[in-house]
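*Asks:* Quick one: structure below, then a few questions.
The values are calculated or read from the model by the stated rules, or taken from the named source; none is laboratory data. It should be emphasised that the depicted structure is a prediction, and the values quoted were computed from it without experimental measurement. For neighbour counting, all protein chains shown are included, and Cβ atoms are generated from backbone atoms with ideal geometry for every residue, glycine included.
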């Protein structure tokens with residue numbers, strides 16, 4: 001009985017290396033795009049939350065003529081960081097409704113909150129406060145290590161600062177800029 005040898009089937013090492021290289025190139029293109037998409041979605045969450053806070057404070061200022069009322073903080077005071085600054089930015093944390101300065105704030109974020117929020121009342125101007133600084137800190141994938149000082153010992157790699165004026169205008173700073 002004569003044995004017939006069939007040609008070897010399968011892939012050569014070169015063919016496998018080409019396929020692995022193509023997958024690596026596709027991943028190198030896709031991963032930064034995904035990280036940017038994730039950062040933009042967290043930023044959108046932050047803009048929605050800031051918009052609600054802005055509306056809350058604008059209604060107070062329109063009704064009382066000042067941002068500082070018995071329901072808010074006194075001039076120059078800073079609210080507690082919410083969610084707690086003991087949970088690093090980028091990790092989900094629950095909103096604390098009874099934290100200092102947040103008791104009556106409406107439209108607060110819901111669910112797993114990855115950004116950290118706080119606000120600082122402006123200076124007293126003849127018994128009224130006409131400026132408030134709203135801030136948010138986060139850690140976005142692909143933005144580098146969280147070395148940007150945010151509030152106290154808390155660090156992130158993204159910081160949003162908005163000085164909101166009683167007349168409805170704002171001065172906004174983002175680090176890094178989008």
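*Asks:* Taking residue 112 as meeting all but one of (1) surrounded by fewer than 16 Cβ atoms within 10 Å (Cβ to Cβ); (2) more than 17 Å from residue 48 (Cβ to Cβ), write down the number of the exception.
*Replies:* (2)
*Asks:* If residue 17 passes every condition in (1) loosely packed, with under 10 Cβ neighbours inside 10 Å; (2) assigned to a helix (DSSP H, G or I) but one, which one does it miss?
*Replies:* Of everything listed in (1) loosely packed, with under 10 Cβ neighbours inside 10 Å; (2) assigned to a helix (DSSP H, G or I), residue 17 misses just condition (1).
*Asks:* Go through the residues of region 80-91 one by one and say whether even a single one is in contact with a helix residue (DSSP H, G or I) (Cβ under 8 Å, 6 or more places away or on another chain), part of a loop (DSSP other than H, G, I, E, B) and under 27 Å from residue 153 (Cβ atoms).
*Replies:* There is no residue in region 80-91 that is in contact with a helix residue (DSSP H, G or I) (Cβ under 8 Å, 6 or more places away or on another chain), part of a loop (DSSP other than H, G, I, E, B) and under 27 Å from residue 153 (Cβ atoms).
*Asks:* Give me the residue from region 106-135 that is modelled with pLDDT of 85 or more, touching a helix residue (DSSP H, G or I) at 6+ places or on another chain (Cβ under 7 Å) and not in a strand (DSSP E or B) and, out of that set, nearest to residue 165 (Cα to Cα).
*Replies:* Per the stated criteria, the residue is 115.
*Asks:* Search region 52-77 for residues that are free of Cβ contacts under 8 Å to residues at least 12 places away in the same chain and pair each with any residue that is surrounded by 15 or more Cβ atoms within 10 Å (Cβ to Cβ) and part of a helix (DSSP H, G or I) when their beta-carbon atoms are under 8 Å apart and the residues are at least 6 apart or on different chains.
*Replies:* 69/60
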